[in-house]
Amino acid sequence: MDSKLTKKPSATLTVNNKQLELPVYGGTVGPDVIDIRKLYGEGKVFTYDPGFTSTGSCESQITYIDGDEGVLLYRGYPIDQLAEKSSFIEVCHLLLHGELPNQKALHEFERGITYHTMLHSQFDRFFEGFRRDAHPMAIMVGTVGALAAFYHDSTDINDPHQRMVASHRLIAKMPTIAARAFKYSIGQPFVSPRNELDYASNFLRMCFAVPAEDFRVNPVMARAMDVFMILHADHEQNASTSTVRLAGSSGANPFACISSGIACLWGPAHGGANEAALNMLEQIGTVDNIPDFIRRVKDPNDDVRLMGFGHRVYKNYDPRAKAMQKLCHQVLKEVGAEDTPLLRVAMELEKIALNDEYFVQRKLYPNIDFYSGITLRAMGFPTSMFTVLFAVARTVGWIAQWTEMMEDDSQKIGRPRQVYTGAPRRDYVPVGSRR
Ligand code: CMC
């Protein structure tokens, strides 16, 4: 990756009675960054930023977020335009290669992905090893890491061709693995991929077809799945992407790195939030119970949170949430469930929270997960599959970010420091002499 940083007037920091000149760089849009790489060498201090709220960990040309304005761009294109007009496979090309493909490039790219949709037949034995009631995310973490054991010819991270083959394999095989995790959990036979179908239709077919009947993919559901995937495809340096980059910074192979990203995504503060949001809506149950629930959320002695609300970066309406809300209504209309208690609770909860001083003051707005759970449930997925679907969609973002890092000469192994507040040096005392 060629650096596009522009030099700005430097910053001055006085530390330990020493004045340090720190370089400042600007990007295309967004805040400038202070380059502190020489801070420890020259000033003998570290920066302290738990949770990385003010830390830019890399230069990136893939995704841009303006959290105050509620803007999300993939390679410069606004998310709402992509959700409205593009397709997931086109977005994959955009994220991986930087540009929307022309017709010929799109055709070739799509063929390059679908060529890899099948799994090695021995791979299926992994699924059999899991307990029947295993969470599908546990299956994902284990099996995606295991891909490295099957595809040795794409684990040389220094070979650009092997990196590309690994990228295509991951994007292609992730839906097949996710669908198998689902089928295994419900005790149905695995359904093989059909390469004449588009990415989303193929995935839905692998999830919902059974050998005993013909299966026709509902085009409304296929489009909904495609848009769901576009909305989740990348989100700059979020927790799971940073995990992928950190794992990759040591030179680990891409299958291992993506598996570490899946593990991070599983948490309820990240990808697990859509599952948690739907569980919350079900627990609330009816509109009458909302005031009591809101009272608990606002009570500092109660650790209840309004799941699907708030975001580390967005201090405005999450632009993905708007598109997801629209999608939710389309899917519910298709299945004839527009007037369910769940949707009524969600809409009323959103209305109340958007006008409540507690949420307004803290700039807590609905995020993408608020409506995605209801949508996925209406599409026929159990809650345990929600984060898996997020992982399928985010794989392209993870792999695009990993590839960018591999092509960035300024990247080195990620190795943060700390401020140590443990015991100072002390001498070992034999066990019999300890008090
Ligand atoms: N409900 C109630 N209060 C909240 C919430 C919430 N969902 N989120 C934040 N707050 C309050 C929090 O209690 C704190 O209040 P105070 O200043 O009085 O102590 C204040 O807002 C700041 O919160 P924070 O925890 O410091 O904010 P953060 O940036 O560390 O957390 C977050 C971001 C997404 C983890 C958090 O908002 C949250 O837990 N939301 C619910 C989970 C969720 O929906 N996650 C999905 C994120 S979007 C999908 C993705 O990118 O993975």
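The values are calculated or read from the model by the stated rules, or taken from the named source; none is laboratory data. All of these numbers come straight from a predicted model, not from anything done at the bench. Note that each Cβ is placed from the backbone with ideal geometry, even for glycine, and that neighbours are counted across all protein chains shown. For accessibility, only protein heavy atoms count, side chains too; no ligands or nucleic acids. Shrake-Rupley method; radii C 1.70, N 1.55, O 1.52, S 1.80 Å.
Does the range 358-376 contain any residue that is open to solvent by 30 Å² or more (accessible area, probe 1.4 Å), closer than 22 Å to His135 by Cβ and of a type in the set (Lys, Arg)? No, the range 358-376 has no match at all. The residue list Asn195, Asn218 contains one member that is modelled with pLDDT under 95 and open to solvent by 30 Å² or more (accessible area, probe 1.4 Å), which is Asn195. Provide a single number: the residues in the range 87-117 that are among the small types (Gly, Ala, Ser) and either crowded, with 19+ Cβ neighbours inside 10 Å or modelled with pLDDT under 95 (or both). Qualifying residue count for the region: 2. For the range 294-314, taking the residues that are touching a residue at least 40 places away in the same chain (Cβ under 8 Å) and over 19 Å from the mean Cα position of the chain (by Cα), the one that is farthest from the ligand (Cβ to nearest atom) is identified as Ile294.
If you go through the range 60-70 one residue at a time, do you hit one that is open to solvent by 70 Å² or more (accessible area, probe 1.4 Å), away from the ligand (no atom under 16 Å from the Cβ) and out of contact with any Leu (no Cβ under 7 Å at 6 or more places or on another chain)? Taking every residue of the range 60-70 in turn, at least one turns out to be open to solvent by 70 Å² or more (accessible area, probe 1.4 Å), away from the ligand (no atom under 16 Å from the Cβ) and out of contact with any Leu (no Cβ under 7 Å at 6 or more places or on another chain).
Note on the range 170-222: residues that are closer than 25 Å to Tyr151 by Cα and either in contact (Cβ under 8 Å) with a residue 12 or more places away in the chain or within 25 Å of the chain's Cα centre (by Cα) (or both) total 29.
When Ser242 is tested against (1) in a helix (DSSP H, G or I); (2) closer than 17 Å to Val396 by Cβ; (3) open to solvent by less than 10 Å² (accessible area, probe 1.4 Å), only condition (3) is not met.
For the range 68-89, state whether one or more residues are in contact with a Pro (Cβ under 7 Å, 6 or more places away or on another chain), within 22 Å of Gln237 (Cα to Cα) and part of a helix (DSSP H, G or I). Looking through the range 68-89, at least one residue is in contact with a Pro (Cβ under 7 Å, 6 or more places away or on another chain), within 22 Å of Gln237 (Cα to Cα) and part of a helix (DSSP H, G or I). Scanning the range 345-390 for residues that are of a type in the set (Asp, Glu) and outside any helix (DSSP H, G or I) gives a single hit, Asp356.
Of the residues making up the range 352-369, those that are more than 8 Å from the ligand (Cβ to nearest atom) and under 20 Å from the mean Cα position of the chain (by Cα) number 2.
Within the range 31-59, which residues are loosely packed, with under 14 Cβ neighbours inside 10 Å, in a loop (DSSP other than H, G, I, E, B) and in contact with a Phe, Trp or Tyr (Cβ under 7 Å, 6 or more places away or on another chain)? Listed by number, the list holds a single entry, Phe46.
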